[in-house]
Each structure stands twice: as structure tokens, then as C-alpha cells.
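Worksheet: the structure to be examined is printed underneath.
The values are calculated or read from the model by the stated rules, or taken from the named source; none is laboratory data. A quick note: this is a predicted structure, and the numbers were derived from the prediction, not measured. For neighbour counting, all protein chains shown are included, and Cβ atoms are generated from backbone atoms with ideal geometry for every residue, glycine included. Note: accessible area is taken over every heavy atom of the protein model, side chains too, but ligands, DNA and RNA are not part of it. Shrake-Rupley method; radii C 1.70, N 1.55, O 1.52, S 1.80 Å.
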Amino acid sequence: MVGLKKSEFISFSDLDEVVYLLKNISEFDLTGYSKSSLKRRIERFLSMEKMDLVDLKSAILNIDGFENYFIQELMVNVTEMFRDPQFFRQLKAKTFPYLQTYPQLRIWSAGCATGEEAYSLAILLKENNLLNRSFIYGTDVSLKALDFARKGVYPLAKIKSYTDNFNKAGLASEFSSHYTAMYDAAIINNEYRNKILFSTHNLVSDHVFNEFQLILCRNVMIYFDKELQEHVLQLFYESLALFGFLCLGSKESLYGHAIKDRFKVIDSNLNIYQKVK
Amino acid sequence: MKGKKDNIVLIGGSAGSLLLITEILENLPARLDYALCIIIHRSSTFSSEIEKSLSIKLNRPVIAITDKTPIKNGIIYFAPPGYHILIDPPGTFALDSSEHVNYAKPSIDVLFESCAQIYGQYCTAFLLSGANADGARGLKAIEEFGGKTFIQNPSDALIETMPISGIQESRLSTILKNQDIIRYFSDNLQLS
Ligand SMILES: C[S@@+](CC[C@H](N)C(=O)[O-])C[C@H]1O[C@@H](n2cnc3c(N)ncnc32)[C@H](O)[C@@H]1O
């Protein structure tokens, strides 16, 4: 993105107006999103599409299906396999001994983007003989990201950094044993894809859809304000089995949220919590 | 928009800037009437070591920014590696894990541009040594929104690329030698 001149930044009231329009004509309510990030994403969208605010508002109102495209472009889908390798180490060390006692495991990767987090989990479960009793739900609002996730095909160019992460996560196998390389792509093994269902779920407006022993929602709520975070945490609380685990991103925590009292801190650095009441 | 009581000072640096930053911090007066936010390019594996050791060394709180950290006068903040930092009105840090900007995450431009729009004339920024052009556009935005900008004299910088691109992009920046930068902070020179 090239640098913006002062006149090319949109104002916070322009932002509010766009959010309001979207909310009125679609099911997308971005009211609770972090203002500065969202504003920057809209500016990026306008410069990529060579549109101005007037064009944008008119497109939202007049072009059928525009809002779906627009929303997907606003979402940040950046992710990695084994993002924060230490997290996967501690997840295994601190939650698997307990999760092992369940005959069946339902796991939710909320805001899964292009699926790397869900596949990383599947690989970790497999290596600890838990995959056969597990089922993973990967959900997101971005249809484009979910399509990508379902394919489970990643550019080989990314595999090097994914392998670095993998090697730091303390697994015994070779990362290359979990995918097949073809031309310039890595195709994740079928056994993992069969254990994950990718589908749409909007954390803002959709409800509880199952009961889980483990929920991961990492680097999603950083885009929400405190109030919306509160709402989403309540949704996770209601979706968790008693003694189920909730994992947040490396810079997020339950600290400062009333719901914290219902959780036990399992790892305060890596933000792993257990529902205890 | 912020009022007079809410000044913020930003220091952006990359390769070769940490020594000067440490010196600035060691010479800070006990009381700061502004929030000080430091953003440097560093790798994720370096993690939170800088904040912890500085906090002990300086015997004052040095905070690694996390999700929705409130911005308070008198506090020193560091941007964590691996996330862009923006500022949400009325005054909290917001994290964003979107694409790298200028090959950097955190990007100095992203923070400077966001801060310019919230703090206007109450934003002051310094751009120090570094090997890429990050920060230059951000300085320009701060100028355009009425803030003050300073650049380390390239001849004092261990790596001059970043100061030079800052000078090229921003017209109004004051160029300072290292000891003047340190003195600016130690003597609490005119912050708005
Ligand atoms: C930065 S990615 C995080 C991916 C992964 N969890 C990780 O940590 O690497 C954030 C994801 O949250 C999704 N998201 C944003 N708002 C959402 C909402 N209201 N409901 C569900 N997903 C949402 C975005 O589409 C995006 O794919």
C-alpha cells in the first residue's frame, strides 16, 4: 500500500457511517470492532479498488452481494501453522493429560482463517494418539478463507517458516510427513482433512452450536472492543463443557473481564484457561 | 481529539537504535507528563526480554503493550514483536496481525499514522537509526496532523537509511544529534 495523504485517511465519523450502512442492509454488524484497525482496512480497500467514500457507500447500497466481498477484504486472515510454537507445547503438556480422559473430544477453532490452526491441532492430536477420538470445527466469517481452509493446500513458499514453527513446537515427527509436496504446493494429508469441518459462524451474531472440551480463539478478539469481547467470551463460556479449556492469543487475556472468575488460569503467559464453574 | 493533558511521544527505530534508546531512558526525569511509546523492529524470539530487563535497570514500569492496553501519562510502553500497533479513540492501544508493512511488523508507519490522527498536535515523534524506510510516511502524517517530528542526524546513526528516508519524506522535521535527543528527554523540552 502506498502512503496516504491526509485527505486520503477517512475520519472516524465516516467509519461510523459505513458501519451503520452495512448493519442496515446486511447481517454484518461491525459496531464492536476496534475502530483504528477497521478504519485502516477500509482505507486499504479504497486504495486497492481505487474508490472513494461516495463510491463505497453507493456500492454497499446498490450492488448485490457487494457487502460479502467487502467484509472479506476487511478481515485480517493472516495466520501460520503452529503459530506461537510454545503455545502448542504447553497445550499438549497442560491440557492433553486431562483431555485424554474423555472418550470423545469436540474442539472449536473459532476465527480459523485459512485453517492452519485447525490443521496444526489435528497434527498435534494425531501425534498424541488423540486424533481418532477427536473432531475439530473450524469457523470463520470469511467464505474465501474457509474455501482455502477446506482445500488444505498451502504454498510451498510458506512451508519453510511453518517447518521452523513445527520444529520449535516439540513434536517427534517430521513436518514433511504430514503433507505431500506437489509442484509448488503442500497438500495436507487426508486423515487430517477428514477430521475437520470448516463452516461459517459469526461470533458477533451466531449462537452456541455444540459443546466443546477445547476452544481456541487466537488473534480474533484483538479486533473487537471490550464490550464485544465480553459478549464473545460469554458465548465461549456457554459452549464449553465443565472443565473444558479456552485458549486465547499470545497478547490477549481474560484479565479485566468479569468472566475470569469462572475460569482457572492454566498458563498465564500463553493464555490457557479452564472453565471451573 | 486529545486535549493538552494527553501528550504522547513516540520513538521509532530499527537496527542500531537500541543503544541510543537505552541512553534516552536512563536519562529520563522521574516524572513524565506524557506517555512514551517505543517501537523497534525485533524478532519474535527476542520476546519480552527488553521490557523486563529495562524495567529492573530503570526501576520504573516498562510495559509491553498487549490487547487494549490503556495509554497513561508517565508510563513507558514497548510495542511487542509480531503485531502492528494502532491507537483506538479515546486512548487505548490496539493490536493488529495483518500483513507486514515495509517488511516490518510492527511497522513504525502504522503506529505513527494512527497516532497522528488521534493525538494531532499532541503527538511528538522521533525516528532513529535503521536499515529500511519504515517510519518516513508516518512522520509525514504526524506533521500533516500538526504534531512535532524529530530525526536522528544520519551522521550519528549507526545505520543511516531510516533517518535519510525520513528526511526525504518529511519537510518540517528537526534533525538532532544524539546528545540533543537525550537532552530533549532529560530536560523535558517543550512538549506542546
Ligand atoms: C488473524 S486471523 C486469526 C487466525 C488464527 N486463529 C491465528 O491465530 O493465527 C482472524 C480471523 O478472525 C476472523 N473473524 C473476524 N471477525 C469474526 C467474527 N465476527 N466471527 C468469526 N470470525 C471472525 C477473520 O475473518 C480472520 O480470519
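When the range A:62-88 is limited to residues that are assigned to a loop (DSSP other than H, G, I, E, B) and without any contact (Cβ under 8 Å) to a residue 24 or more places away in the chain, the one that is nearest to the ligand (Cβ to nearest atom) turns out to be A:65. Among the residues of the range B:97-105, is there at least one that is of a type in the set (Gly, Ala, Ser), open to solvent by less than 10 Å² (accessible area, probe 1.4 Å) and more than 11 Å from chain A (Cβ to nearest Cβ)? So far as the range B:97-105 goes, yes, one or more of its residues are of a type in the set (Gly, Ala, Ser), open to solvent by less than 10 Å² (accessible area, probe 1.4 Å) and more than 11 Å from chain A (Cβ to nearest Cβ).
Within the range A:212-228, can one find any residue that is in the same structural domain as residue A:93 (by TED's automatic domain parsing), in a strand (DSSP E or B) and in contact with a Cys (Cβ under 6 Å, 6 or more places away or on another chain)?
Yes: one or more hits.
Restricting attention to the range A:257-277 and to residues that are in a loop (DSSP other than H, G, I, E, B) and within 22 Å of residue A:93 (Cα to Cα), the residue that is least open to solvent (accessible area, probe 1.4 Å) turns out to be A:271.
For the range A:233-253, the set of residues classified as within 13 Å of chain B (Cβ to nearest Cβ) and surrounded by fewer than 20 Cβ atoms within 10 Å (Cβ to Cβ) consists of A:253 only. Residues of the range A:134-158 that are more than 16 Å from the ligand (Cβ to nearest atom), surrounded by fewer than 20 Cβ atoms within 10 Å (Cβ to Cβ) and farther than 29 Å from residue A:66 by Cβ: A:135, A:156, A:157. Can residue A:121 be described as of a type outside the set (D, E, K, R), open to solvent by less than 50 Å² (accessible area, probe 1.4 Å), under 25 Å from residue A:248 (Cβ atoms) and more than 15 Å from the ligand (Cβ to nearest atom)? Answer is no for this residue. Being under 16 Å from residue A:150 (Cβ atoms), touching a residue at least 24 places away in the same chain (Cβ under 8 Å) and of a type in the set (Val, Ile, Thr) is not true of residue A:95. When A:197, A:254 are checked against the criterion of being touching a strand residue (DSSP E or B) at 6+ places or on another chain (Cβ under 7 Å), in a loop (DSSP other than H, G, I, E, B), more than 13 Å from the ligand (Cβ to nearest atom) and outside the structural domain of residue A:38 (by TED's automatic domain parsing), A:254 stands alone in meeting it.
The number of residues in the range B:50-95 that are of a type in the set (S, T, N, Q) and open to solvent by less than 30 Å² (accessible area, probe 1.4 Å) comes to 1.
Just to confirm my filter: which strands (runs of 3 or more DSSP E) fall fully inside the range B:116-178 and include at least 2 residues that are in contact (Cβ under 8 Å) with a residue 24 or more places away in the chain, open to solvent by 10 Å² or more (accessible area, probe 1.4 Å) and of a type outside the set (S, T, N, Q)?
Once the strands (runs of 3 or more DSSP E) in the range B:116-178 are filtered for at least 2 residues that are in contact (Cβ under 8 Å) with a residue 24 or more places away in the chain, open to solvent by 10 Å² or more (accessible area, probe 1.4 Å) and of a type outside the set (S, T, N, Q), what remains is B:148-152, B:174-176.
Suppose the filter is at the interface with chain A (Cβ under 9 Å from one of its Cβ atoms), within 16 Å of the ligand (Cβ to nearest atom) and within 15 Å of the chain's Cα centre (by Cα); does residue B:110 pass it? Before you say what the answer is, go through the steps one by one.
Working: at the interface with chain A (Cβ under 9 Å from one of its Cβ atoms): yes; within 16 Å of the ligand (Cβ to nearest atom): yes; within 15 Å of the chain's Cα centre (by Cα): yes.
The answer is yes for residue B:110.
Here residue B:79 fits the description: more than 8 Å from chain A (Cβ to nearest Cβ), touching a Leu at 6+ places or on another chain (Cβ under 9 Å) and not hydroxyl-bearing (Ser, Thr, Tyr).
Look at the range A:168-180 and say how many of its residues are in contact (Cβ under 8 Å) with a residue 24 or more places away in the chain and open to solvent by 60 Å² or more (accessible area, probe 1.4 Å). Summing the residues that are in contact (Cβ under 8 Å) with a residue 24 or more places away in the chain and open to solvent by 60 Å² or more (accessible area, probe 1.4 Å) in the range A:168-180 gives 2. Where helices (runs of 4 or more DSSP H) fall wholly inside the range A:99-175, the ranges with 2 or more residues that are under 16 Å from residue A:192 (Cα atoms) and touching a Lys or Arg at 6+ places or on another chain (Cβ under 7 Å) are A:116-127. Here residue A:91 clears all of (1) within 12 Å of the ligand (Cβ to nearest atom); (2) open to solvent by less than 10 Å² (accessible area, probe 1.4 Å) except the condition numbered (1). Quick one: how many residues across the range A:33-61 are outside any helix (DSSP H, G or I) and touching a strand residue (DSSP E or B) at 6+ places or on another chain (Cβ under 7 Å)? Qualifying residue count, the range A:33-61: 2. Scanning the range A:62-75 for residues that are surrounded by fewer than 18 Cβ atoms within 10 Å (Cβ to Cβ) and within 21 Å of residue A:8 (Cβ to Cβ) returns a single hit, A:73.
Could you tell me whether residue A:59 is within 14 Å of the ligand (Cβ to nearest atom), surrounded by 15 or more Cβ atoms within 10 Å (Cβ to Cβ) and under 29 Å from residue B:100 (Cβ atoms)? It is false that residue A:59 is within 14 Å of the ligand (Cβ to nearest atom), surrounded by 15 or more Cβ atoms within 10 Å (Cβ to Cβ) and under 29 Å from residue B:100 (Cβ atoms).
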